[in-house]
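**Q** Structure incoming, see below.
Every number in this text was worked out from the coordinates using simple rules, so none of it is lab data. Every value quoted in this text rests on a predicted model; they were computed, and no experiment measured them. Positions of Cβ are backbone-derived with ideal geometry, glycine not excepted, and every protein chain shown enters the neighbour counts.
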There are 2 protein chains.
Amino acid sequence: MKDRIYVNELPQHVGQKVTVAGWLHNLRDHKNFGFAMLRDKTGIEQVVLNAEQLEQLRALQLESVLKFTGTVVERKAKDPSVKAVEIQAETMEVLSPVTTVAPVEISKTDLDLNLDTLIDNRVVTLRHPKQRAIFRIQAALVHGYRSYMSKQGFTEIFFPILAGAASEGGSEFFKVDYYGREATLSQSAQLYKQITMGVYEGVYGLSYSFRAEKFGTSRHLTEFNQFEFEVGFVDGMDEVMDHAEAAIREMLTTVEKTCELELKLLSVTLPPVGKRFPRVTLKEALEAYKVEGGVDETHEPDLSPAAERWLSTTWGPKHHDCGFVFVTDYPATKRPFYVKLDPADPSNTLSFDLVGFGSEIISGGLRVNKYEEQIERLKAKGLNPDQFEDYLMMHKFGIPPEGGFGMGLQRLTQNVLGLANIKEATIFPRDVQRLRP
Amino acid sequence: MKDRIYVNELPQHVGQKVTVAGWLHNLRDHKNFGFAMLRDKTGIEQVVLNAEQLEQLRALQLESVLKFTGTVVERKAKDPSVKAVEIQAETMEVLSPVTTVAPVEISKTDLDLNLDTLIDNRVVTLRHPKQRAIFRIQAALVHGYRSYMSKQGFTEIFFPILAGAASEGGSEFFKVDYYGREATLSQSAQLYKQITMGVYEGVYGLSYSFRAEKFGTSRHLTEFNQFEFEVGFVDGMDEVMDHAEAAIREMLTTVEKTCELELKLLSVTLPPVGKRFPRVTLKEALEAYKVEGGVDETHEPDLSPAAERWLSTTWGPKHHDCGFVFVTDYPATKRPFYVKLDPADPSNTLSFDLVGFGSEIISGGLRVNKYEEQIERLKAKGLNPDQFEDYLMMHKFGIPPEGGFGMGLQRLTQNVLGLANIKEATIFPRDVQRLRP
């Protein structure tokens, strides 16, 4: 739109005539004059209306789309250190009239809705500045991730979704009627990232995964995205963790640099990142939790949610000024068939989780890269190698020592922002009940 | 891998001891000595083997993964202007042995396989330098697109795939068994990009679309990706075309800058881009095709594939030194319900296609942004507004004048590279018959 400026640019235009446009966020009616609170993607500002303009807006509802020309003038601010402005409207044009009262009041500072109302009315609730901020930050996390991977010379892959058979055993698949045959929706990009690693040596991408289990928790969706990464020709697992750490660092830096206002709006402080993320074995982590945290879970084969929280919010910051902790050496029983066993102890795997923001955010490790070994691992997991023909073809024709990781996009966003439910971190969430909007 | 260098870095290391690793692309056996052609992600180079190393490799097959240390020495090249090198191997380590003969000979300069053999053996055929190049270029196109959009301050959206009902009428949907209910796979991100445009003002993303029609042509897939774009507060359609043109320019520049070798390998020359992509109406385009091209299709409501080819490869370059031509003003009968009608002639729409590389590559236009008008348009297309509740909620609660476009990723890649079949431009293609690998 020619000559249009954004609301956040107004303080630089005091005394000038400008054009602004946006949504009628609120209307303050003082009989012979009034104020329109105009919202655009950069913020909300006050427009002083004359009697005629006010009359016209009285006949409309909030969220009407308006365009004003007028002069920017200074006004008194509550906080005297801030330069406050308003627009003295000269002309007003209604770009899209709204004649129905919106189902939710998005002019409130906090929406304070139950989750179903929030999502049912996504078309409108997403316009609330705090809702909008969530998905700006989500996009920044993705940009930081891709930026790191691209600079390493790795290749971005666009993973397929429709598949014939299970690429991994385990949880339930969604079934698709595919020209009379049965197809499934991808549960994991593991097959594709390993195949393409065998070509590009380092690959990454954002995959879609689908899980048909009957989850009803605050941490599960039926459709979600996952940061994928796989790298070949590694000497050991530290190389994989180095990439995970560097990616997280660039993601956080990108959010800090490009989403300052959004972080402030959501009252989010990012955790300390120290000099290097500490790396401890599962045994060491559980021992510390027992000795320092006072909870004995040393008999457990995994970290409990409480232990994850303690490690990343108490132990890491205290000992390493760092809210991120790599935990390594998970037992073979807790890891999938493609994870490499520890040659020194085959009940152990060369695998890791990264805990941060109080929760597990990354799961990764080295992979089995030899054919015979992979067949054995499948059998040991009770799986039939004949059903993994495409997967095993890769091992048969040579892949280097390699590793990788996965990180859920919505889960990460939930944890970074401290949201109670993962659906709040999902722009159009799908769950057992929900397929819309 | 510590100290490893890539094959394309070897000429800078003449006289030095280096470590290289990769796949055994070919083996030349001269009885007491031999050459291993070693392939990594940057190229292929010759390694001189001693008798013992040769003996060891004789027992293995091509595609075995190897690591060498050795000294880089100059060798005679066919082209004396090129500095040719080879490695005198000292140590050799087999990282992954291959004991089965590969199903295709990827050491050939051209694979020359039928399409099914190519895709059935994707795990191996993707390793061929010309196959690998295709998806490096595809990723570069995506990077250029995102880079442009991000610099404009637009927000990237991650569109959902599972949906309850049709977001547009028309072609067939894939049906998913969703906890006993019926769900569908998204055919279009139109709903979501318009909703989010109504929040972020400008949005973009790479969507997945699924089409269950029984296509069997060289231009159709059942699953594909689409560049999505939508922008609000536009004065007219030229603003949308400006963004399309600038995005294409940055995509081509990115490919030129980052994929020089890949373009050379595939013998691809990018078309001229002129100073500004010409913009003509459909009538004008058909008239030129009649007068200059000698083919009268002036009675047609659309461009034929032959007309698209002529416009972008003959007319555009001749008159505007440009391989890209915007064609505007398509009849309402040929455009979907969300496209804005021309106020001056309601049988016409404010829509455009961009033809380039001999084919239509972008389809876009202005959108209906008023509630009553959208209801009328749905009815005129024989659709029931009651089935578009979420879509119409957006119009009901105010969206600005806006427009956008879509561009198929695999279709574009096919056209840029002049590939005979779209499946060659799809890393893991899905069609009526195929769901693997």
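**Q** Find, among the residues of chain B, the one whose Cβ sits nearest the axis of the rotation taking B to A; state the distance in whole Å.
**A** B:VAL176, 3
**Q** Further, regarding this structure: How many angstrom lie between the C-alpha centres of region B:365-437 and region A:366-392?
**A** Distance between centres, Cα-based: 40 Å.
**Q** Quick one: order B:ASP177, B:ASP296 by neighbouring beta-carbon count within 10 Å, fewest to most.
**A** Values: B:ASP177 15, B:ASP296 12.
In order of increasing Cβ crowding within 10 Å: B:ASP296, B:ASP177.
**Q** Now, a different point. Sticking with the crude label model, points 7 Å out along Cα→Cβ, report the distance from B:LYS2 to B:GLU372 in nm, one decimal please.
**A** Rounded to a tenth, the inter-label distance reads 7.7 nm.
**Q** Under the definition of Cα pairs under 8 Å and six or more residues apart, what whole-number percent is the relative contact order of chain B? Walk me through the numbers on the way to the answer.
**A** Working: 834 pairs, mean separation 54.7, N = 437.
Dividing the mean separation by the residue count of chain B yields 13 percent.
**Q** On to the next question. Expressed in nm to one decimal, what extension gain is obtained for the pair A:VAL82 and A:LYS334 from 0.36 nm per residue of sequence separation less their Cα-Cα distance?
**A** Numbers: separation 252, 0.36 × 252 = 90.72 nm, distance 5.51 nm.
Length gained, A:VAL82 through A:LYS334: 85.2 nm.
**Q** Can you give the charge dipole size of chain B about its Cα centre, rounded to the nearest 20 debye, using +1 on the beta carbon of Lys and Arg and -1 on the beta carbon of Asp and Glu?
**A** Values: 51 positive and 60 negative charges, 267 e Å.
The calculated dipole for chain B is roughly 1280 debye.
**Q** Something else now. Work out the FRET efficiency for A:ASP112 and B:LYS379 from their Cβ-Cβ distance, taking R0 = 35 Å, and round it to the nearest 0.05.
**A** Working: r = 38 Å, r/R0 = 1.09.
Approximately 0.35, to the nearest 0.05.
**Q** Quick one: grab the alpha carbon gyration tensor of region B:7-96, order the square roots of its eigenvalues as a ≥ b ≥ c, and give me rounded if a/c is under 1.5, else prolate or oblate depending on whether a/b is larger than b/c. Can you show the working numbers first?
**A** Numbers: a/c = 1.64, a/b = 1.47, b/c = 1.12.
It comes out prolate by the Cα gyration axes.
**Q** Could you give, in nm with one decimal, how far A:LEU115 is from each other copy of that position, shortest first, with labels 7 Å out from Cα toward Cβ?
**A** From this label point to the equivalent ones elsewhere in the assembly: 4.5 nm.
**Q** Using Cα pairs under 8 angstrom and six or more residues apart, how large is the relative contact order of region A:101-194, in percent?
**A** 18 percent
**Q** Using Cα pairs under 8 angstrom and six or more residues apart, how large is the relative contact order of region A:7-96, in percent? Numbers along the way, then the final one.
**A** Values: 192 pairs, mean separation 28.5, N = 90.
Dividing the mean separation by the residue count of region A:7-96 yields 32 percent.
**Q** Taking only Cα atoms and a 10 Å spring cutoff, compute GNM fluctuations for chain A and point out the largest among A:GLY180, A:GLY408, A:GLY202.
**A** Of A:GLY180, A:GLY408, A:GLY202, the Gaussian network model singles out A:GLY180 as fluctuating most.
**Q** Run lengths n ≥ 4 of DSSP H only: what is the helix-derived mean residue ellipticity at 222 nm for chain A, with -39500 (n - 2.57) per run over all residues, to the nearest 500?
**A** So the helix-based figure for chain A works out to -8500 deg cm²/dmol.
**Q** Give me a single rounded figure for A:301-314: the average over its residues of other chain Cβ atoms within 10 Å of their Cβ.
**A** Details: counts 0, 0, 0, 0, 0, 0, 0, 0, 0, 0, 0, 0, 0, 0.
The shielding value for this peptide is 0.
**Q** Here's another thing I want to ask about it. If we hang a label 7 Å off Cα along the beta carbon direction at B:GLN387, how far is it from the matching labels on the other copies, in nm, shortest first?
**A** Output for B:GLN387: 3.7 nm, nearest copy listed first.
**Q** Here is a follow-up. Would you look at the GNM of chain B, springs on alpha carbons closer than 10 Å, and say which of B:LYS67, B:LYS379, B:LYS83 moves the most?
**A** Taking springs between Cα atoms under 10 Å, the residue moving most is B:LYS83.
**Q** Tell me, how many Å apart are the Cα centres for region B:84-159 and for region B:1-74?
**A** So the two Cα centres are separated by 20 Å.
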